[in-house]
Amino acid sequence: MQNKPDFIVVGAQKAATTSLYNALRQHPDIDGPDHKETHYFSDTKLFAKGLERYCSLFPERKTEKTKLGEFTPNYLFDSHALTNIYNELGGDTKIVVVLRNPVDRFLSCYKHFSAVGKLFRGDVVNAEMREKLEPFFDNGWEGESRTLAEVVSGRDEHWKCEYYAGGRYALHINKAWDLFGRKNVRVVLFEDLVKKPNNNVKAIHEFLGVEPKHSKFRILNTSKKWAAYYDAEVEITPEIKKTLENYYRPYNNILKEMLKRKLTWNK
C-alpha cells in the first residue's frame, strides 16, 4: 500500500512524545496523519475496520524520500499493539520508543488524567476540547476521580492507562526486540531528549532514513501546564514515591543491562 507507514512512535506515555511529534513533523521528508494518535493497533473496534481504512489516514507520499509515521503512546504497553503492528505492517517497521523515569511517568499520567476529568466535568471546557474528549467519555471513561494513594495501593488498570504496566519498560522493549529486531527499534531516554534535543532528533532522522536536519524542539502537553490551568495538583508523599521506586527498581535494573547504559532512575 502506498500509504503504509514506515515507522511508529509507540510511547511511552507522558515521555515527550507530543514534543517529538512536533519536532519530527518539521522535517520535509516526514509526514503522517493530521492528528497525533490513531489508536488503530490498540483499539479493537478501530482495528476491526482493517488496514486499508487505517492507511487512508495517511497522506500520499510527496516524494520517494518521504517517510510516513504515526505516534500513539499507549502502543508500548498495550497487550496486543506491538504484535498487531508486526502482523499488519511487517517486521521491517521502524519502532521509536522514548522512556522516562517510570515513577515520574506514573505521577504525570495521574495528574494528566485527573486534569482531563476535571476539565470535562467543569464549566471551563470549550467546545473544541469537548469534541476531542467526547469519544473517551462515550466509552465509559470519566477521568480520574480516585486519590493518588488509592491508585498506587490498588495497582489496578485505568481506562487506556495502566499505571503500573506502563513503566515496566524492560518487558515492553524485549517484546519489541523479539518482533522487530534490535536494528529496527530506537530507544531514546527522556532525559537525553530534553537535554540535547537536536542531537537526539537528528539521530532519529538517521534511524528513519532521512537527512538529519535542525528542528525546533519544545516540551508540550505537560502535566504541570494542565495542573496549573485545571487545578489538578496532587500531593506526592515520600511514602508514595518510595512505593513506586521500590516497585520499578527490578525492572529498571534489567533495562539497564539490556541497554548497556547507566540509568539515573534507581534510588
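Within the range 41-85, count every residue that is part of a loop (DSSP other than H, G, I, E, B) and either closer than 13 Å to Val9 by Cα or aliphatic (A, V, I, L, M) (or both). Can you show your working first?
First, the residues of the range 41-85 that are part of a loop (DSSP other than H, G, I, E, B): 41-43, 48-50, 56-66, 72, 76-80.
Next, from what is left, pick out any that are either closer than 13 Å to Val9 by Cα or aliphatic (A, V, I, L, M) (or both): 41, 48, 57, 72, 76-77.
Within the range 41-85, residues that are part of a loop (DSSP other than H, G, I, E, B) and either closer than 13 Å to Val9 by Cα or aliphatic (A, V, I, L, M) (or both) number 6.
Is there any pair with a first residue in the range 232-256 that is in contact (Cβ under 8 Å) with a residue 12 or more places away in the chain and over 26 Å from Leu171 (Cβ atoms) and a second that is of a type outside the set (A, V, I, L, M, F, W, C) and open to solvent by 40 Å² or more (accessible area, probe 1.4 Å) whose Cβ atoms are under 7 Å apart and which are 6 or more apart or on different chains, and what are they?
Going by the 7 Å Cβ cut-off, the qualifying pairs are Ala232/Lys111; Ala232/Lys118; Val234/Lys111.
Do any helices (runs of 4 or more DSSP H) lying entirely in the range 89-157 carry at least 2 residues that are surrounded by 17 or more Cβ atoms within 10 Å (Cβ to Cβ) and modelled with pLDDT of 75 or more, and which ones are they?
On the way: elements: 102-121, 127-138, 148-154.
The qualifying helices (runs of 4 or more DSSP H) are 102-121, 148-154.
Glu162: within 17 Å of the chain's Cα centre (by Cα) and either among the polar types (S, T, N, Q) or modelled with pLDDT under 90 (or both), yes or no?
On the way: within 17 Å of the chain's Cα centre (by Cα): yes; either among the polar types (S, T, N, Q) or modelled with pLDDT under 90 (or both): yes.
So Glu162 fits the description; yes.
Is it true that some residue in the range 27-37 is in a strand (DSSP E or B), modelled with pLDDT of 95 or more and open to solvent by 40 Å² or more (accessible area, probe 1.4 Å)?
Filtering the range 27-37 down to residues in a strand (DSSP E or B) leaves 30-31.
Now restrict to residues that are modelled with pLDDT of 95 or more: 30-31.
Filter once more, keeping what is open to solvent by 40 Å² or more (accessible area, probe 1.4 Å): none.
No, the range 27-37 has no match at all.
Which residue out of Leu208, Leu179 is modelled with pLDDT of 95 or more, under 24 Å from His80 (Cβ atoms) and open to solvent by less than 50 Å² (accessible area, probe 1.4 Å)?
Leu179
Of the residues that make up the range 51-60, is at least one under 25 Å from Asn101 (Cα atoms) and at pLDDT 95 or above?
Checked the range 51-60: no residue is under 25 Å from Asn101 (Cα atoms) and at pLDDT 95 or above.
Looking at (1) open to solvent by less than 40 Å² (accessible area, probe 1.4 Å); (2) within 22 Å of Lys202 (Cα to Cα); (3) assigned to a loop (DSSP other than H, G, I, E, B), can you tell me which one Asn3 breaks?
Asn3 satisfies all of (1) open to solvent by less than 40 Å² (accessible area, probe 1.4 Å); (2) within 22 Å of Lys202 (Cα to Cα); (3) assigned to a loop (DSSP other than H, G, I, E, B) except (2).
Quick check: is even one residue across the range 61-77 open to solvent by 20 Å² or more (accessible area, probe 1.4 Å), of a type in the set (Asp, Glu), free of Cβ contacts under 8 Å to residues at least 60 places away in the same chain and in contact with an Asp or Glu (Cβ under 9 Å, 6 or more places away or on another chain)?
In the first step, residues of the range 61-77 are kept if they are open to solvent by 20 Å² or more (accessible area, probe 1.4 Å); the result is 61-65, 67, 77.
Adding the requirement that they be of a type in the set (Asp, Glu) leaves 64.
Add one more test, that the residue is free of Cβ contacts under 8 Å to residues at least 60 places away in the same chain, and what stays is 64.
Still in the list and also in contact with an Asp or Glu (Cβ under 9 Å, 6 or more places away or on another chain): none.
No, the range 61-77 contains no residue that is open to solvent by 20 Å² or more (accessible area, probe 1.4 Å), of a type in the set (Asp, Glu), free of Cβ contacts under 8 Å to residues at least 60 places away in the same chain and in contact with an Asp or Glu (Cβ under 9 Å, 6 or more places away or on another chain).
The values are calculated or read from the model by the stated rules, or taken from the named source; none is laboratory data. All values derive from a computational prediction rather than experimental measurement. Here Cβ is always computed from backbone atoms with ideal geometry, including for glycine, and neighbour counts include all displayed protein chains. Surface accessibility is based on the protein's heavy atoms, side chains included, excluding ligands, DNA and RNA. Shrake-Rupley method; radii C 1.70, N 1.55, O 1.52, S 1.80 Å.
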